[in-house]
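Input: a single structure, listed below in structure tokens.
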Amino acid sequence: MLTSFFHPAALFIPAALITPFLPRNIVRWITLLVPALALAAIYCMDNGAHWEIHYLGLKLTFGRVDQLSIIFAHVFAIQSFLGFVFAFHLKNKTQHIAALLYVGGAFGSVFAGDYLTLFIFWELMSVASTFLVLFNRENKLAAGAAFRYFLFHTMGGLLLLGGLLLRSQALGTFDFLPTDPHALQLYDYLIMAGFCVNAAVVPLHAWLPDTYPEATVTGAVFMSAFTTKTAVYVLARGFAGVEILAIAGTIMAVYGVFYATIENNARRILSYHIVSQVGYMVAGVGIGTAMTVNGACAHAYAHILYKGLLFMGAGCLLYSAGTAKLTELGGLVRRLPLVFIFYMVAALSISGMPFFNGFVSKTMTIAGAASAHRTWLAIGLEIAAVGTFLSVGLKLPYFAFYSKPENKMPLKKIPVNMYVAMALGSFFCILTGLWPSLLYRLLPFQPGIEPYSQYVTMSPYVYTPYTLWHILQAFMLLGFTGLGFYVLRKVVVPHAQRNLDFEYLYRLFGRGFMKLVSWPAAAIDSVWGEVYRTVGLAFLKVTAKGASIFDRKGIDGALDGSVYGVGRGGHALARTQTGKLQGYLATALIIGLIVFAVAWFMG
């Protein structure tokens with residue numbers, strides 16, 4: 001029986017490889033065509049294992065298709081199209097190359113059926129996304145941020161590599177299968193830790209707010225969509241029901257909104273909200289019921305759309321005004337009205353406003369936690385929802401677009417394609433909010449569909465977002481949060497400062513490690529230097545003196561004696577100096593034979 005499958009990565013990666021040789025205008029249209037073809041390929045896929053390769057006794061599966069991989073691939077294709085529309089104006093092809101490779105790596109990770117294939121595409125994502133930061137040559141901080149980003153993801157990759165090798169040695173397979181949450185081994189913890197680095201789990205998260213604000217305007221839009229959500233996918237695939245993830249995800253949700261509330265840079269605020277929103281997903285995976293895992297997947301889908309739109313809005317501010325700092329913005333609502341409108345669509349989506357996509361995804365995870373009797377986790381996630389609306393839905397737009405008289409700062413004209421991308425993103429945020437069935441039918445756990453994992457609690461399945469209680473609860477939560485912000489709007493004024501995070505501890509640890517390593521080396525070098533000065537130099541002097549005596553008495557004496565012998569009429573010696581090479585060789589051969597014969601008879 002023939003099955004249908006074409007790998008989307010087989011579109012993105014070749015497109016990246018041929019881009020350097022194509023005219024710039026053709027490259028722009030290729031970047032739009034490739035995601036469209038990828039989405040068409042996803043709609044035509046059959047479930048099962050595809051593109052299996054047997055190599056050196058290993059089975060590599062490049063195309064594992066089921067409900068879990070389909071929902072992530074589906075939104076990846078949509079968001080990659082939106083991202084390339086947003087980047088359509090770019091004249092520099094290098095950013096397109098990096099983005100194509102990055103998205104190709106994300107698709108490869110989603111469809112990987114074994115850990116080796118996953119590792120290959122995982123590292124491709126790490127390298128390609130580093131260049132999306134490094135290519136921001138107008139930002140002096142970008143190079144350092146890119147270097148730290150690459151180091152951190154290299155560490156995550158090494159954890160993953162060590163875990164998969166130990167797992168292969170123990171189990172004899174590289175197959176990427178669900179893990180029993182109650183029987184985790186050392187290699188499982190190593191693999192999960194590698195995944196948690198990309199998921200920005202606290203305290204492994206500081207690379208994200210350190211890096212994303214320094215990326216290119218378009219690069220940040222791509223990075224907000226793929227790295228952390230690919231990590232959510234692999235956690236859902238392999239570690240659903242692991243208790244530590246439920247706790248860690250709730251901590252992420254609260255921690256992220258706390259830092260977002262006190263930040264000044266718009267893109268840094270949004271970066272911390274990635275940490276917070278991914279926390280909902282990690283918590284849902286960790287709780288491990290069908291509803292919470294469905295909620296994690298639904299929220300990942302919604303988050304990719306509205307977070308990409310949020311970064312587009314902040315990117316437009318940076319592109320037009322030259323800054324994303326709230327202390328330098330304000331009073332721009334009349335001058336950038338479309339940016340404000342599209343941004344608010346995303347802000348209401350992330351805040352869980354009814355009729356926007358965040359309402360139909362975020363509340364599923366919270367309701368699933370309550371249904372699983374994880375009351376404290378549900379409360380923590382609800383508190384994080386308040387902080388989300390406070391910082392992203394109220395503080396950021398108020399201080400960026402209002403809070404001051406009309407701002408007369410010079411503004412750079414925003415390209416039309418950036419507005420088009422934001423309009424399309426807004427459309428999808430509203431569409432999936434008004435018709436959640438479009439999203440829910442993609443979810444991995446549904447009646448009549450074979451579950452991908454036997455370790456997920458399969459009840460309950462059903463979640464209905466648009467009930468009177470859910471709507472009233474959402475409006476009450478958002479209404480009281482808005483009232484609190486209005487009262488405290490002069491207290492939560494942003495300040496032009498960089499808030500300390502775990503990044504400071506990383507650097508402190510790095511400095512301490514360098515001192516720890518360099519101090520013994522310096523001590524050994526000092527001791528060795530003293531030994532060399534007292535003993536080594538004296539020995540060299542004695543050796544040099546002996547060599548001088550040998551040179552004068554031995555070598556010079558022998559040569560001078562030979563010369564004197566010839567000069568004084570040493571006829572026998574003179575006869576040996578014929579000047580014929582064959583004679584010298586024959587003499588050497590005879591002497592060698594005599595020495596060999598003596599050694600032979602004596603032996």
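The values are calculated or read from the model by the stated rules, or taken from the named source; none is laboratory data. Not measured: the values here are computed from a predicted model. Here the Cβ is made from the backbone with ideal geometry for all residues, glycine too, and neighbour counts use every protein chain on show. For the accessible areas, the whole protein counts, side chains as well, though only heavy atoms, and no ligand, DNA or RNA atoms are used. Shrake-Rupley method; radii C 1.70, N 1.55, O 1.52, S 1.80 Å.
Annotation: aspartates and glutamates with alpha-carbon distance below 17 angstrom to K408 (same-chain offsets under eight excluded): E328.
A viscosity of 1.002 mPa s and a temperature of 20 °C, combined with the Kirkwood radius over Cα pairs in Stokes-Einstein, give a translational diffusion coefficient for the chain of 79 µm²/s.
Close amide H contacts of G331 (hydrogens built in the peptide plane, cut-off under 5 Å, sequence separation of 5 or more or a different chain): F401, Y402, S403, K404.
Against the chain, whose longest principal axis comes from its Cα atoms, helix 142-171 is set at around 80 degrees. Annotation: per residue accessible area for the chain equals 46 Å², rounded to a whole number [probe 1.4 Å, protein chains only]. The distance linking the stretch 397-440 with the stretch 276-311 is 21 Å (Cα centroid to Cα centroid, whole angstrom). Expressed as a fraction of 2.2 N^0.38 Å, the C-alpha radius of gyration for the stretch 129-252 is 1.15.
In this calculation the C-beta distance from R533 to F513 is compared with R0 = 22 Å, giving a FRET efficiency of 0.10.
Annotation: aspartates and glutamates with alpha-carbon distance below 16 angstrom to K541 (same-chain offsets under eight excluded): D551. Compared with the alpha-carbon gap, the fully stretched path from L411 to I262 is longer by 51.0 nm at 0.36 nm per residue.
Scanning the chain for GluC sites (Glu not before Pro) that sit in a DSSP loop and have at most 14 other Cβ atoms within 10 Å, the longest stretch containing none of them is 139-405. A Förster radius of 25 Å, combined with the Cβ-Cβ distance separating Y504 from K140, puts the computed FRET efficiency at roughly 0.80. Relative to one another, the C-alpha centroids of the stretch 63-122 and the stretch 207-237 are positioned 12 Å apart.
With a simple spin-label model that places each label point 7 Å from the Cα along the Cα-to-Cβ direction, the separation between D180 and W376 comes to 2.8 nm. For the chain, the longest principal axis of the alpha carbon atoms and the long axis of helix 581-602 meet at an angle near 90°. Once the Cα atoms are used to define both axes, helix 290-321 deviates from the longest principal axis of the chain by about 80 degrees. So which of K140/K395; K362/K412; K307/K515; K307/K490; K91/K395; K59/K307 end up more than 32 Å apart, counting from Cα to Cα? From the list (K140/K395; K362/K412; K307/K515; K307/K490; K91/K395; K59/K307), the Cα-Cα distance tops 32 Å for K362/K412; K307/K515; K91/K395; K59/K307. Of the peptides 53-60, 267-274, 74-81, 143-150, the order by per-residue mean of other Cβ atoms within 10 Å, starting with the highest, comes out as 267-274, 74-81, 143-150, 53-60. Each residue, E52 and L434, gets one label point 7 Å from its Cα in the Cβ direction; the gap between the two is 4.5 nm. One decimal place: the segment H89-F475 gains 135.0 nm when fully extended, by the rule 0.36 nm per residue minus the C-alpha distance.
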